[in-house]
Amino acid sequence: ADKAFNASRSMAIPSALAVIYIKRIKDASLQTTGWSQAFKAVTGSVEGANKEIAFALETADRYGANLVKVTDNWVKFRAATNGKKISGDAEEIFQTFTLLSSTLGQTPDQLSGILLALEQMVSKGKVSAEELSGQLGERLPGAVDAAAKAMGKTSAELREMMQRGELIADDLLPKLAR
C-alpha cells in the first residue's frame with residue numbers, strides 16, 4: 001500500500017507543477033496579447049507595436065527590472081507622449097528613470113510610482129509640486145534639486161515656476177534625463 005501511495009504521490013507533484021506552468025504560460029500569452037493591442041493602438045501598426053514591446057523587453061533586461069511593470073508603464077508613457085514634442089525623448093527618459101530606480105534597488109512598485117509621476121507630468125503638460133516633490137521626490141531623493149539644476153534655476157525659483165504653472169514637462173523631462 002505504501003508503494004502505491006508513494007507512486008501516486010510522485011505522479012501528483014509533476015502533474016500539479018505542469019498545471020501551474022500551463023496557467024503561467026496562458027497568463028503570459030494573454031498579457032502579451034494585451035500589450036500588442038495597446039501598442040498597436042498607440043503606434044498605429046503591428047510593426048510599431050513589435051518595436052515598442054522589444055524596447056520594453058530590452059529595458060527590463062538591461063536594468064534588471066520587472067518585465068510586467070516596465071511594459072505596463074511603457075505602454076502608458078508612450079501613450080502619454082504620443083504626438084507631443086517630448087515624443088522623441090520618450091525612450092531616453094523612460095530608460096534613465098528605470099536605471100535610477102534599479103540602481104537604488106527599488107521594488108517594482110516603487111519603479112511604477114516613478115513612471116506614473118512622469119506619465120502624469122506629460123499628460124498634464126505642466127509639472128506640479130505634487131508630481132515632482134510628492135510622487136517623484138518620495139521615490140527619488142533630491143528630485144527637486146536635480147530638476148532645478150537641469151532647468152538652470154534654484155530650487156526656490158523652480159517652486160515659483162510650478163506655482164505659476166510655468167514648468168512644462170516637455171522642457172523639464174528631457175533635461176532631467178540627461
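Summed over the stretch 139-153, residues that are within 26 Å of Thr103 (Cα to Cα) and not in a helix (DSSP H, G or I) total 4. Candidates are the residues of the stretch 123-168 that are surrounded by 13 or more Cβ atoms within 10 Å (Cβ to Cβ) and among the β-branched types (Val, Ile, Thr); the one that is modelled with the lowest pLDDT is Val144. Asp171 falls short of the stated requirement of being under 23 Å from Leu67 (Cα atoms), part of a helix (DSSP H, G or I) and either open to solvent by 40 Å² or more (accessible area, probe 1.4 Å) or not hydrophobic (A, V, I, L, M, F, W, C) (or both). For Leu136, are the conditions met, namely being in a helix (DSSP H, G or I) and within 22 Å of Thr71 (Cα to Cα)? So Leu136 fits the description; yes. Has the stretch 112-129 got any residue that is under 16 Å from Val70 (Cα atoms), of a type in the set (S, T, N, Q) and touching a Ser or Thr at 6+ places or on another chain (Cβ under 6 Å)? Looking through the stretch 112-129, none of the residues is under 16 Å from Val70 (Cα atoms), of a type in the set (S, T, N, Q) and touching a Ser or Thr at 6+ places or on another chain (Cβ under 6 Å).
The values are calculated or read from the model by the stated rules, or taken from the named source; none is laboratory data. Values in this document were obtained by computation on a predicted structure and should not be read as measured data. In this analysis, Cβ positions are derived from the backbone assuming ideal geometry, glycine residues included, and neighbour counts consider all displayed protein chains. Surface accessibility is based on the protein's heavy atoms, side chains included, excluding ligands, DNA and RNA. Shrake-Rupley method; radii C 1.70, N 1.55, O 1.52, S 1.80 Å.
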